[in-house]
1. Taking only Cα atoms and a 10 Å spring cutoff, compute GNM fluctuations for the chain and point out the largest among A52, A84, A65.
2. At R0 = 22 Å, how high is the FRET efficiency between E75 and H19 if r is their beta carbon distance? Nearest 0.05 is fine.
3. Cα convex hull of segment 43-104: mean projected area in nm², to one decimal?
4. Quick one: Kirkwood hydrodynamic radius for the chain, alpha-carbon pairs, angstrom, one decimal?
Amino acid sequence: MNHIPLPKLLCDCRCPQHHQLPRTTVNEPGCACTITCATQPMTLLVPQWRSALFLTPHGMRFVNALDAGQWDWAESGQLDPGYADFPMGQLLEHLLRASAIAIDNSDR
Ligand SMILES: [Zn+2]
Ligand SMILES: [Zn+2]
């Protein structure tokens, strides 16, 4: 189980594990959080890869899409911080971090 300090927001997506609770683990079995759950950090949907990438304080994680809008949280994983096998990873992490900083410092 990978515990990551997500923002102190409560699940608002009717996930059977987390509804109205904080979500401190993203790969908990039985989690059915949506990608738009209030607990989900800055996320990049990548339909070409049927996955989503998202920022954590320790780098980026991925989650693969299942059918019918579900996500395979149990098999979600941390990306190698050196991105040895994933050259796009470094660029995408940089762009997501830059977006998060710009948005945090702007009203809109
Ligand atoms: Zn959940
Ligand atoms: Zn949720």
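1. Result for the chain, Cα springs under 10 Å: A84 fluctuates most.
2. Numbers: r = 22 Å, r/R0 = 0.99.
About 0.50, to the nearest 0.05.
3. Working: hull surface 18.8 nm².
The orientation-averaged projected area of the Cα hull of segment 43-104 comes to 4.7 nm².
4. Values: mean 1/r = 0.0694 Å⁻¹.
Averaging 1/r across every pair of different Cα atoms and inverting gives 14.4 Å.
Laboratory data are not the source of any read-out in this text; all were calculated from the coordinates shown. Just so you know, these numbers come straight off a predicted model, no measurement behind them. Glycine also receives a Cβ, built like all others from the backbone with ideal geometry; neighbour counts cover every protein chain displayed.
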